[in-house]
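Q: I have a structure I would like to understand better, so I am pasting it below and will then ask my questions one at a time.
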Amino acid sequence: MSATPSNNPLKPHPMMPGLTHDEMSEQMFVADFKAFIGSDIEPSQRDVVNNKVLPEMTARTGAKPASHIEVGKELAKEGSYQNWALLTRTAQEMMWDSAGTCVDRQLEDLKSLADVKAPKGSLTVDPNFEVPRYIDAVDIHCMPGNYHAVVGENDVRQGALFDRAAAIYHMGRNGGFMNDIRGHTVMAHYFARFSDKTLNRKDARILDIGCTVGHSTLAVASYAPLAETHAIDVGEGLLRYAYARAEHLGYGIHFSQQNAEQTNFPDNHFDLVFSSAVLHETSRKALPRIMAECRRILKPGGVLIHLEVPAKYESLDTWGRIRGDYEISYNNEPFWRGALTSDFGELVRAAGFKDVQTGYQDAVNKAVPGAGGFGDVHKGVHRCWFMVSGVK
Ligand SMILES: C[S@@+](CC[C@H](N)C(=O)[O-])C[C@H]1O[C@@H](n2cnc3c(N)ncnc32)[C@H](O)[C@@H]1O
């Protein structure tokens, strides 16, 4: 059995950077500031688009604008948009600053804690690892140092930074300080589609690709304590933190620094390969390679599940598309539009998978066999996640 996370918000698990009074106050302010911008300021942007910018453009040219890109250029001249964009970017930078300050204050202590005695799992880093260009090009989500900066020997900084900031960013909507609702939702999808294939066996193997600090890895592993669970990502500090976090929470997971496009796992090795919110941070070239690699390392009959951001491009109105473009330009999410317009079902089919389905899985904090919750209806952000799954 794995350890239960502590209920102490200052220290929900041993690796989570602790907070002084002032750090907690600052981070709570940032979370409230983000919530205020999202709920009180952002909705008015849709009104500015629909009731001002679009009618004015239509009146001027005699025709509706051909695309949201033209509308976005006009909207960018509006003071209210400029204010919203400035506040949104500022709040994001404040989030990383506030998390970074508290991490740096205790970095050496966190490194010591990461020196795990008698581990159940393992950590393998590759000193020659080449970070893919689509990760390396910009600091994704404006996270200083991105997923892979390394600060000194036995580093854990980017992992600690990500974990602390994720607690602010998700504002409790992704499983509190464990941030594991996406992982439970992956398993809910597994139960909804593949309940006949049990994973809790000694000879079963599971792989999480793009695990970051293991938020979803541990959730999935909790349903199959007998199985051998592996997790890969690109950053040494991220993975060392993930490994130590898992060990302190009682999980033996095998973390390794690998590119999901080409891993060192043998053919026909895994029963389940999954990812959670990874594909939108790759590239159009990488996607088919990742799908092909997943197929190579899955056993015949093995299951592939990718969880992704729920909004599909076709379902977005003009403001929704402009909002997506903000992520590309000002939150360093270069592949955002590419992901929302990709046909993930077709990509998985083209890689040779059978029985491929796409749809939305209800977000849950505990997956229950037989509960279903998978269908065509998009119930809203954080209420469901987009899923594509198939069988080798
Ligand atoms: C948004 S985070 C994923 C969050 C995590 N899966 C979870 O559910 O908590 C995206 C992660 O994918 C990783 N990633 C992107 N491309 C990758 C690749 N080719 N190989 C391995 N990891 C990759 C990034 O380094 C990053 O840690």
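The values are calculated or read from the model by the stated rules, or taken from the named source; none is laboratory data. Treat the numbers as computed from the prediction; the structure is a model and nothing was measured. Cβ sites come from the backbone with ideal geometry, for glycine too, and all protein chains shown count toward neighbours. Each accessible area value is taken on the protein alone, full model and side chains, heavy atoms only, with ligands, DNA and RNA left out. Shrake-Rupley method; radii C 1.70, N 1.55, O 1.52, S 1.80 Å.
Q: In the stretch 10-165, what is the count of Lys pairs whose alpha carbons are under 18 Å apart, counting only pairs at least 8 residues apart or on separate chains?
A: So the count works out to 5.
Q: Still on this structure, I have one more. Roughly how tilted is helix 318-330, in degrees to the nearest 10 and between 0 and 90, from the longest Cα axis of the chain?
A: Result, in degrees: 60.
Q: Now a separate question. State, to one decimal in nm², a quarter of the convex hull surface area for the C-alpha atoms of the stretch 343-392, i.e. the direction-averaged projected area.
A: With every direction weighted equally, the projected area is 4.0 nm².
Q: Right, another one. Checking the a/c ratio against 1.5 first, then a/b against b/c, what shape does the Cα gyration tensor give for the chain?
A: oblate
Q: What's log10 of I(q)/I(0) for the stretch 103-194 at q = 0.12, 0.13, 0.18 Å⁻¹, Debye sum over Cα points only, no solvent?
A: Once normalised to I(0) and log-transformed, intensities are -0.55, -0.65, -1.12.
Q: May I ask you to give the percent of accessible area on the chain that is carbon plus sulfur, with a probe radius of 1.4 Å?
A: Of all accessible area on the chain, carbon and sulfur atoms account for 52 percent.
Q: Only Cα pairs within less than 10 Å get springs; with that Gaussian network setup on the chain, which residue of Ser315, Ser276, Ser256 has the largest fluctuation?
A: Ser315
Q: Here is a follow-up. Over the stretch 260-392, what per residue volume does the convex hull of the Cα atoms give, in whole Å³?
A: Here the figure is 118 Å³ per residue.
Q: Continuing with the same structure: Over the stretch 324-392, what is the mean sequence separation of C-alpha contacts under 8 Å (at least six apart), divided by residue count, expressed as relative contact order in percent?
A: Dividing the mean separation by the residue count of the stretch 324-392 yields 34 percent.
Q: Net charge near Gln92, counting Lys/Arg +1 and Asp/Glu -1 over other residues with Cβ under 13 Å of its Cβ?
A: -3
Q: With the alpha-carbon atoms as the only input, what is the per residue convex hull volume for the stretch 61-151 in Å³?
A: Looking at the stretch 61-151, the number lands at 170 Å³ per residue.
Q: Could you let me know the centre-to-centre spacing of the stretch 290-369 and the stretch 131-176, using Cα atoms, in angstrom?
A: 21 Å
Q: Taking H as built 1.01 Å from N, whose amide H comes closer than 5 Å to the amide H of Ser122, not counting residues under 5 places away?
A: Placed amide hydrogens put Ile253, His254, Phe255 under 5 Å from Ser122.
Q: Rounding to the nearest 10 and keeping the result within 0 to 90°, find how far the Cα-based axis of helix 286-297 lies from the longest principal axis of the chain.
A: Around 20 degrees separate the two axes.
Q: Rounded to the nearest 10 degrees, what's the angle between the helix 181-194 long axis and the longest principal axis of the chain, both from Cα atoms, 0 to 90?
A: Taking the Cα atoms of the chain, the angle to 181-194 is about 70 degrees.
Q: Also: Tell me, what is the per residue accessible area of the stretch 207-326 in Å², probe radius 1.4 Å?
A: For the stretch 207-326, the per-residue accessible area is 28 Å².
Q: So, in Å, what gap is there between the alpha-carbon centers of the stretch 47-81 and the stretch 247-285?
A: 43 Å
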